[in-house]
1. Has the range 349-362 got at least one residue that is among the acidic types (Asp, Glu) and either on the phi > 0 side of the Ramachandran plot or within 11 Å of the ligand (Cβ to nearest atom) (or both)?
2. Mind listing just one residue for me: the one in the range 304-328 that is within 18 Å of Ser52 (Cα to Cα) and surrounded by 19 or more Cβ atoms within 10 Å (Cβ to Cβ) and, of those, farthest from the chain's Cα centre (by Cα)?
3. Among the listed residues Pro333, Pro342, which satisfies the condition of being within 14 Å of the ligand (Cβ to nearest atom) and under 25 Å from Ile234 (Cα atoms)?
4. Leu116 passes all but one of (1) touching a Ser or Thr at 6+ places or on another chain (Cβ under 7 Å); (2) under 30 Å from Arg269 (Cα atoms); which number fails?
5. Could you check how many residues of the range 149-189 are of a type in the set (Phe, Trp, Tyr) and in a helix (DSSP H, G or I)?
6. What number of residues in the range 345-360 are assigned to a strand (DSSP E or B), surrounded by fewer than 16 Cβ atoms within 10 Å (Cβ to Cβ) and under 19 Å from the mean Cα position of the chain (by Cα)?
7. Under the condition of being without any contact (Cβ under 8 Å) to a residue 60 or more places away in the chain and under 25 Å from Gly336 (Cα atoms), which residue from the range 266-284 is most open to solvent (accessible area, probe 1.4 Å)?
Amino acid sequence: MNKHDVIIIGGGSAGLGVALSESNNIQKSNNVKNRKILLLEKEKLSSKTSNSSLRIIHGGLRYLQKMDILRVIESLKAQDELLKAYPEHIEKLNCIMPLKKFGLKSKYPMICASILYNMISLLITGKSNGAHVGKIKNHKNNIDIINNKEEYALFWNDALLKNPLNFAKDLKFELIKKGIEIKENQHVLSVKKENDEFIVTSLSEIGEKQEFKCNYVVNTTGPWYSKIEESHDIKSENDEFKWCKAFNIILNERATFSEAIGVFGEDNRAFFIVPRDGYIAVGTWYVPFNGSLEDITPTNDELQAFANSFNKVNLNLKINKNNIREIEAGILPMKGIGSAGPTLYGLEKISVKDNYIKVLSTKYTTFLAQGRKVSKFIK
Ligand SMILES: Cc1cc2nc3c(=O)[nH]c(=O)nc-3n(C[C@H](O)[C@H](O)[C@H](O)COP(=O)(O)OP(=O)(O)OC[C@H]3O[C@@H](n4cnc5c(N)ncnc54)[C@H](O)[C@@H]3O)c2cc1C
């Protein structure tokens, strides 16, 4: 039976983040030089939730609303690291959010927020973000879907992942070069603990069962995590997560702009409109989920609720059943339900039990830092 030091199960952004961190540890330290690390993925790398992301690599400006400065810092660091390390996959994204007349999202609070954000950005990345408030009509590009050009808007810079599947392909080459073994189309059936070791059983594409032994297991299979936990001693006490279905709609309309546009619907639900391969992606809508993972396609009612809320926003862009090109959905852990629908966890959930590490991610943006956090539990 093959023996590994670490087996990572799941090759979405969470699994890739752990693999990258571990690959850097192999390179860095002589005393762990011969560690064997294997990543097993049921399908293709990043083909599930990670491929349904709206692809915004958030710099955390939104967390200023709750004065969560630590999360702003964490997001700015994560964004800066990705922009520098993978410029061919992650590019700058100009963003614009039309402001309200009154309240926290109006002109003067947003001027204060942009000054603070620029200062934090300067401290963390060495550069001001360039966030500012101005009239929409004075913006260098005419964004045709915004109706009222007399309004003020907040302008800032974020980042966009061009294509999660292409990014994963390049990460795979990087990881293989650094000594990580990667097997795709390997469906892990079970993880068992026997004495001090784990036995991981998987099924290959051609129906061949394989067993692997290892000292550490990192389970990054997201909502599927409990399906592989065979023995009782690897389940953790607080395993009762609530879930939500998150989805984006890609419209048939051509994007005539290159910016992402942030707007707020009824109940203060936030929407982002993002150019996607020449078309327009709108997201993200969240609904509580307790159905079967076999079919997570949004129902007609769920699509209608998304459209109803979005269509009330003052934009020259509407969703109707005839202009939906594609829908992308994923299941994420949720904290609870607030007035604007499901609320997500601010940070990933990492649980550790006797060298069995489970990671539930809520953001693509922070996947590298998340991988490094996991590595701290691996000796
Ligand atoms: C609609 C939507 C929009 C989003 N937008 C953004 C955004 O704009 N910015 C952002 O930062 N984040 C965003 N997110 C969040 C982000 O996409 C996720 O947090 C992240 O991609 C989750 O990664 P993951 O690796 O945990 O999950 P996944 O990508 O689902 O990876 C889990 C992997 O495990 C594999 N697997 C499952 N069972 C097994 C098994 N038995 N054996 C082997 N492999 C198995 C699966 O095939 C899958 O590839 C969004 C999420 C959704 C759903």
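The values are calculated or read from the model by the stated rules, or taken from the named source; none is laboratory data. This structure is a prediction, so every number in the text was calculated from the model and none was measured. Neighbour counts are summed over all protein chains in view; Cβ atoms, including those assigned to glycine, are modelled from backbone coordinates with ideal geometry. For the accessible areas, the whole protein counts, side chains as well, though only heavy atoms, and no ligand, DNA or RNA atoms are used. Shrake-Rupley method; radii C 1.70, N 1.55, O 1.52, S 1.80 Å.
1. yes
2. Let us first name the residues in the range 304-328 that are within 18 Å of Ser52 (Cα to Cα), namely 306, 324-328.
Retained after the next criterion (residues that are surrounded by 19 or more Cβ atoms within 10 Å (Cβ to Cβ)): 306, 328.
Working: Phe306: 20, Glu328: 13 Å.
Looking at residues that are within 18 Å of Ser52 (Cα to Cα) and surrounded by 19 or more Cβ atoms within 10 Å (Cβ to Cβ), I get Phe306.
3. Pro333
4. All conditions are met except number (1).
5. Let us first name the residues in the range 149-189 that are of a type in the set (Phe, Trp, Tyr), namely 152, 155-156, 167, 173.
Within this subset, residues satisfying the condition of being in a helix (DSSP H, G or I) are 167, 173.
Of the residues in that region, 2 qualify.
6. 1
7. Glu266
A quick yes/no check of all residues on (1) within 16 Å of Lys3 (Cα to Cα); (2) modelled with pLDDT under 95; (3) surrounded by fewer than 20 Cβ atoms within 10 Å (Cβ to Cβ):
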residue: Phe173; (1), (2), (3): no, no, yes
residue: Glu181; (1), (2), (3): yes, no, yes
residue: Glu184; (1), (2), (3): no, no, yes
residue: Lys193; (1), (2), (3): yes, yes, yes
residue: Leu203; (1), (2), (3): no, no, yes
residue: Lys209; (1), (2), (3): yes, no, yes
residue: Tyr216; (1), (2), (3): yes, no, no
residue: Thr221; (1), (2), (3): no, no, no
residue: Ile228; (1), (2), (3): no, yes, no
